[in-house]
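Laboratory data are not the source of any read-out in this text; all were calculated from the coordinates shown. Note that this is a predicted model, so its numbers are computed, not measured. Every residue, glycine among them, receives a Cβ derived from its backbone with ideal geometry; neighbour counts consider all protein chains shown.
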Amino acid sequence: MGEPAFGILGPLQVWASGAPVRVGGPKPRAVLGTLLLQPGGFVSVDLLTEVLWPGGAPRSAVANVRTYVRTLRQALTEAGVPTEALKTEASGYTLDVASGDVDLLLFEQRLDRARNECEAGDDAAALRSYESALGLWRGGVLQDLPPTVVWDPAITRIEELRSVAVDKCLETRLRLGEFVPLVAELRSRLTEDPLREDLWRMLVQALRDSGRTTEARSAYAEAEQTLAVELGIEPSEPLRAVGEEVNGYAARRRTTERTPVCQLPMDVPDFTGRAAEIAALERLLSTAGRQPVVAAVSGPPGCGKSTLVVHVAHRVREAFPDGQLFVDLGGLGEQRREPSAVLAEMLRALGVIDSAIPVELGERAALFRSRLAQRRFLIVLDDAAGSAQVRPLLPGTGGSAVLVSSRRRMPELPAYHSDLGVMERDDARALFGAIVGPDRLRTQEADTDRVLAGCGSLPLAVRIAGARLANRAGWTVSTLADFLNDERGRLDQLQTGELEVRASAELSYRHLPEPAAKVFRVFGELGGEAAAGWLIALAMGRADEAAAGLETLLDEHLVEVVGTDSLGLHRYRMHDLLRCYARELTDSEPAAARRARGLRILDDLIALTRVANSAMPTRFLGVLGEPAPPEGPAAEIVPVVRDKPVEWLETERRILVSAVESALRHGEVSRAADLAVELAGFFDMRGYYDDWLRTHRLVLDAMPVHSGVRAAALLRNLGQLHLYQDRYDDALASFDRSRAIFSGLGHLYGEAVAAVGAGSVHRVVGRLDSALTEFTDAMHCFAKAGDRHGEAVAHNAIASVWLERQEPDAAAPWLDEALAISCDVGDRHREAQVRRRIAVLHELRGEPQGAHRELERALGIFDDLADTHCAAYVQQSIGELCLRQGKAGEASALLVGALAVQQQLGDRRAEASVACLLGELHRTTGRERTARRYFHRSLSTWRRLDARDEAELVDAKLRSLR
């Protein structure tokens, strides 16, 4: 045959008449490959079984082998191979083929011929034979078949023959003077195997003999340096002899000692804290051995990333005896380093001369990995811009390690990732004390806390603050703390010498894409509270841009996720010092643009609060109408707000209260009033009396005159608060003024709500006839306005007057109607309030079981609606009922629970009442000391409320114990 019929020097091939022949599936092909590795030799069934099933053969292995051989024999017969070539023997098989039919045998024949021609001095013929032999190779031996240890000895022998053939071919080409292709081939092979002295010798000789003496000298110098650095030896005699010839003198013999490279900057002498991070990094770096390890430390500007990695590098130096490399990658600066230039720098540090450094980035990276393959280096890459800059600088094998610092998260990097935040307060205090001196720290501890708060425990800021104080003998810690107290001037105080917090923040901001830059500036308009993503979207006006911008800021460590709120939404926060810089940026924007953005946010917040208020279990205090559907980004959060209104208002309470105050500062009194009115129902439900009082008084004080529906609503809401806090004259005055304004406007619903409030004051102070008149008027107004919810309120209120008069039969029809209306309109909150009154009716009729049943129903509804305030009142009522029934244990548990809730909500009147009940309970059970304690608590609370009648009653109970 002219060409072999069987090929294993590459993918397995079978040829017949110049066309390829398909030989079964993977198993028959593996059988053929095994037979061809030793053509004419015996191959046992056991050997084939090990090849075909390396993890363990099945019971049918022998039968399966026979099937594969049968399939193979059929394919070979079709290819024209005689049937008898594949012989079956007792426990195995033999494949007899002619030497010219297998590329392996043909390769060995041509090698023999080349050796003979070489020995005969016919280098030209030998070169042709070597090239002919090597031309048979199409890749690795049987490269398309799964590898097996059974083949390893044969394949190793064949690969060694190929390597020898390549070397002989190069030597023959050198003798023939074919220098141009030879130099190119030698350089390529040396990149893969730089420690082959015979290849260096041929390269130097080829360059010299082709007249390229300067290049020959450089090649020899590189060879000498490579062997010295990598192996710590001098060139062997043959290579040294060529070197002497090209240099024109006898090369000096010297013993080369490898001197470790250490490029680390100096460690800071006052390094403080970060014990957990240091320990984690040291444990990781200690695992470098057969494989390299990479650790990436990322964090916000000024958090001390560079200081930390340098500190850790110094601590672990001894674990990397070959040296430590350090490169400042320029990160976000103007002089960002390109990976190609960094590789050249590090290769020089590893002893590679300039002329031997490849031009292409990929070749430089390959050479760098080769230099590190058998060595233990620690590489510190400081201030990386991103993973694309770092990836070419990583070792591939060996025992080296890499420490990377970056402001950006680099999740795509094959590394251990450590996110560095601000310092723990104790560590920040220790750093500050190390700079200013421990004496100042001890004598001015409170002011030190103020300084650290102004610095936000950011290491850079703490270091700057400490340096400023240390350099100013006349300053006290209090002086510095006062300077830092003003947010707008804080960044001016945090700069000294080359250190500046503002510059660090500016560097990060400058490289942000526009959506992220907009989000960054938005944080300057927010307070220190964590904000949800939807709020950022409101300020941006675009939800998609806000989401993309937040993701970028997270990657850049300019904001952080501080948790998930009760709605399942992420909350984002920016460090206070970064927020100061963001505020500087927003302050520099045109005032008109800032005002327009602020009004848009405020309008969206009002719209969302109206959505929440309208979806709450009770909306008795809201009188400004149904909400218009929000538009833009606000519309996306509406389903969540409507589904969980109380949770949303609870989560955003601080932001919403701040929005009321912000609207007033910018002269937007009407908008502030709208928001305050919508918040009152929530304040009532959760007992946020301070927020309620502050927002309403601020808005009313800002109104030039109290007229219009907004003023009337605010006055009505404020009257309700006065009533809760026992300021009855103030409450009645507010209700009467509100009713007058509503009446003048023809606002029937508002007039009715104010009338109910006034009636409640009269009922509490005992003016029951006046209360009944007010409640009846309210009922008629609600009916005229067509408000069924209000009618249920009025009926329940009228019933409360008859209950106060101890006339349950007169109260019953009003309660029946109130309950029917509440259930009909689906007002569960009002239903629960009515059931509380029905429980009183049952008690008056001497039906404690009925009373208990209604109270339990009411409590269940309030619990379902998450109205902790009303639930606490019902729990108190159940406790009183149990107390009157002599169930001391149940009463105690219920009353203690109610007391805790009322104390948490700040309802002092309820707290005093429950404390008195607990005093009664312990007096009846003989625990007078505990009873006295509760009575004292109740008495002091009534006196603070200036409730003299209640205080006298409790005082009498106390005197009876003496």
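Order of Leu535, Leu104 from fewest to most other C-beta atoms within 10 Å?
Sorted ascending by nearby Cβ count, the order is Leu104, Leu535.
Can you give me the Cα centroid spacing of segment 313-386 and segment 762-826 in angstrom?
Between the Cα centre of segment 313-386 and that of segment 762-826, the gap is 84 Å.
Calculated FRET efficiency, Arg70 and Ser355, Cβ-Cβ r, R0 60 Å, to nearest 0.05?
0.45
Taking the Cα centre of segment 892-962 as the origin, how large is its charge dipole in debye, to the nearest 20, when only Lys and Arg (+1) and Asp and Glu (-1) carry charge on their Cβ atoms?
340 debye
Under a plain spin-label model, where a point goes 7 Å from the Cα along Cα-to-Cβ, how far apart in nm are Ser960 and Val562?
According to this spin-label approximation, the distance is 5.2 nm.
Can you tell me the dipole magnitude for segment 815-856 around its Cα centre, using point charges on the Cβ only (Lys, Arg +1; Asp, Glu -1), in Debye to the nearest 20?
140 debye
Relative contact order (percent) for segment 178-251, with alpha-carbon contacts under 8 angstrom and 6 or more residues of separation?
Over segment 178-251, the number comes to 29 percent.
If each residue of separation counts as 0.36 nm, what is the full-extension length gain between Asp144 and Gln38 once their alpha-carbon separation is subtracted?
Value of the extension gain: 36.3 nm.
Taking the mean number of other Cβ atoms within 10 Å as a proxy for protection, how do you rank 659-666, 150-157, 402-409 from highest to lowest?
Per-residue Cβ counts within 10 Å, averaged per peptide and sorted highest first, yield 402-409, 659-666, 150-157.
So what is the relative contact order for the chain, in percent, with contacts set as C-alpha pairs under 8 Å and at least six apart?
5 percent
In nm, give the distance between the simple-model label positions of Asn116 and Ala275, each being 7 Å from the Cα along the Cα-to-Cβ direction.
In this crude spin-label approximation the distance works out to 8.1 nm.
Cα gyration tensor of segment 1-176, axes a ≥ b ≥ c as square roots of the eigenvalues: rounded (a/c below 1.5), prolate (a/b > b/c) or oblate?
Note, shape of segment 1-176 comes out prolate.
Place a label point 7 angstrom from the Cα of Asp46 along the Cα-to-Cβ direction, then list the residues of segment 70-100 whose backbone nitrogen is under 15 Å away.
Hits in segment 70-100 for Asp46 at 15 Å: 90-93.
Determine which lysines satisfy two conditions relative to Lys305: a Cα distance under 30 Å, and not lying fewer than 8 residues away in the same chain.
Within the straight-line cut-off, Lys305 pairs with Lys518.
Just to check I understand the Karplus step: with θ = phi - 60° and J = 6.51 cos²θ - 1.76 cosθ + 1.60, what whole-Hz values come out for segment 159-166, glycine and proline as x?
Along segment 159-166, the couplings run 5, 5, 4, 5, 4, 4, 4, 5 Hz.
For a label point 7 angstrom out from the Cα of Met266 toward its Cβ, which stretches of segment 449-471 have the backbone nitrogen within less than 19 Å?
In segment 449-471, the label zone of Met266 (backbone N under 19 Å from the point 7 Å along Cα→Cβ) covers 463-464, 467-468, 471.
Rounded, prolate or oblate: which fits the chain, taking a ≥ b ≥ c as square roots of the Cα gyration tensor eigenvalues, rounded meaning a/c under 1.5, else prolate when a/b beats b/c?
prolate
Could you point to the residue in Leu895, Cys916, Thr930 farthest towards the positive end of segment 892-962's charge dipole, with +1 and -1 charges on the Cβ of Lys/Arg and Asp/Glu respectively?
Thr930
Which aspartates and glutamates have a Cα lying under 19 Å from the Cα of Lys887, excluding residues fewer than 8 positions away in the same chain?
Partners within reach: Glu843, Glu847, Glu854, Glu856, Glu920, Glu928.
Size of the dipole of segment 261-419 about the Cα centre, Lys and Arg at +1 and Asp and Glu at -1 on the beta carbon, nothing else charged, in debye to 20?
That gives a dipole near 380 debye.
Using a ≥ b ≥ c from the Cα gyration tensor of segment 892-962 (square roots of the eigenvalues), is it rounded, prolate or oblate, where a/c under 1.5 gives rounded and otherwise the larger of a/b and b/c decides, a/b for prolate?
Oblate.
What is the calculated FRET efficiency for His666 to Arg510, with r their C-beta to C-beta distance and R₀ = 35 Å, to the nearest 0.05?
0.70
Calculate, in nm to one decimal, what Arg927 and Thr214 gain on full extension: separation in residues at 0.36 nm each, minus their alpha carbon distance.
The Arg927-Thr214 span can extend by a further 246.0 nm.
Where in segment 913-953 does the amide nitrogen come within less than 15 Å of the point 7 Å from the Cα of Tyr728, taken along Cα to Cβ?
Only 945-953 fall inside the zone, counting backbone N under 15 Å.
What lysines could a cross-link reach from Lys644, if we take a straight Cα to Cα line under 25 Å and drop same-chain neighbours fewer than 8 places away?
Within the straight-line limit of under 25 Å, Lys644 reaches no lysines at all.
Count neighbours as other Cβ atoms within 10 Å of each site's Cβ, and list the GluC sites (Glu not before Pro) in segment 337-424 that are DSSP loop with at most 16 such neighbours.
Listed in order of number, the matching sites are Glu360, Glu412, Glu424.
Going toward the positive end of the dipole of the chain, with +1 on Lys and Arg Cβ and -1 on Asp and Glu Cβ, which of Phe377, Gly41, Cys580 do you reach last?
Cys580
Would you calculate, for the chain, the mean residue ellipticity at 222 nm contributed by helices, counting each DSSP H stretch of 4 or more residues as -39,500 (n - 2.57) and dividing by all residues, to the nearest 500?
Result for the chain, helices only: -20500 deg cm²/dmol.
Between Ala820 and Ala467, what is the label-point separation in nm under the 7 Å Cα-to-beta-carbon projection?
8.2 nm
Please compute the length gained on full extension between Thr397 and Ser658, using 0.36 nm multiplied by the number of residues separating them and subtracting their Cα-Cα distance.
88.2 nm
Given the chain, what percent of its DSSP beta bridges are antiparallel, to the nearest 5?
Among the beta bridges of the chain, antiparallel pairing accounts for roughly 45 percent.
Can you work out the Karplus-derived ³J(HN,Hα) for every residue in segment 678-686? Use 6.51 cos²θ - 1.76 cosθ + 1.60 with θ = phi - 60°, whole Hz, and x for glycine or proline.
5, 7, 4, x, 5, 4, 5, 5, 9
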